[in-house]
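Below is one structure; the comments refer to it alone.
The values are calculated or read from the model by the stated rules, or taken from the named source; none is laboratory data. As the structure is a computational prediction, the values presented were derived from the model and not from experiment. Here the Cβ is made from the backbone with ideal geometry for all residues, glycine too, and neighbour counts use every protein chain on show.
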Amino acid sequence: MSLPLKLDHIGIAVRNLSEAISMYRDKIGLELLSVEEVKEENVRIAMFRIGDSRIELLEPLTADGAVARFLSKRGPGIHHIAFTYADARSASDRLREKGMKLVYSDVEVIPGLREVNFVHPESTGGVLLEIVKRLE
């Protein structure tokens, strides 16, 4: 059975990635790992290391993506919590079998980064959960 191995990251929706990077790096002191566009998710992200986990800042690329909708409804804040799995596909299958509503019908691959799926907040009491297998 595919169980979570660890907390992978906490995703935080932000309106201005540059300002948020400055706060997390320069004021809080977290190590900035990368900044990149993830066109498949319609976001630009900054990833920070904190111990064995990460903080992922998400800035929408356009006004019509999921993160943009989140920001317009709820404002900046925690968008999702991600768990690392050894096998994202079997984790997705197991959760679906247990009646959880998944966002994607199959695992999405973000080239060079990770395999992902999401458990819809309807199935988790309001929290978007991400299933992650890192490819790096």
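Among the residues of region 36-46, none qualifies, meaning not one is at pLDDT 95 or above and either farther than 23 Å from residue 129 by Cβ or over 14 Å from the mean Cα position of the chain (by Cα) (or both). In the set (1) of a type in the set (Lys, Arg); (2) under 13 Å from residue 10 (Cβ atoms); (3) touching a helix residue (DSSP H, G or I) at 6+ places or on another chain (Cβ under 7 Å), residue 54 fails one condition alone, (3). Annotation note: Cβ proximity below 6 Å between a residue of region 46-69 that is touching a residue at least 24 places away in the same chain (Cβ under 8 Å) and a residue that is part of a loop (DSSP other than H, G, I, E, B) and surrounded by 19 or more Cβ atoms within 10 Å (Cβ to Cβ) (sequence gap 6+ or interchain) occurs for 57/14; 59/14. The residue pairs whose first member lies in region 90-108 and is in contact (Cβ under 8 Å) with a residue 60 or more places away in the chain and farther than 22 Å from residue 126 by Cβ, whose second member is of a type in the set (Val, Ile, Thr) and surrounded by 15 or more Cβ atoms within 10 Å (Cβ to Cβ), and whose beta carbons are closer than 9 Å, counting only pairs six or more residues apart or on different chains, are 108/116.
Scanning region 4-45 for residues that are in contact (Cβ under 8 Å) with a residue 60 or more places away in the chain, in contact with a helix residue (DSSP H, G or I) (Cβ under 8 Å, 6 or more places away or on another chain) and among the hydrophobic types (A, V, I, L, M, F, W, C) turns up 12, 13, 14. Scanning region 26-46 for residues that are surrounded by 15 or more Cβ atoms within 10 Å (Cβ to Cβ) and under 16 Å from residue 111 (Cα atoms) returns 38, 41, 42, 43, 44, 45.
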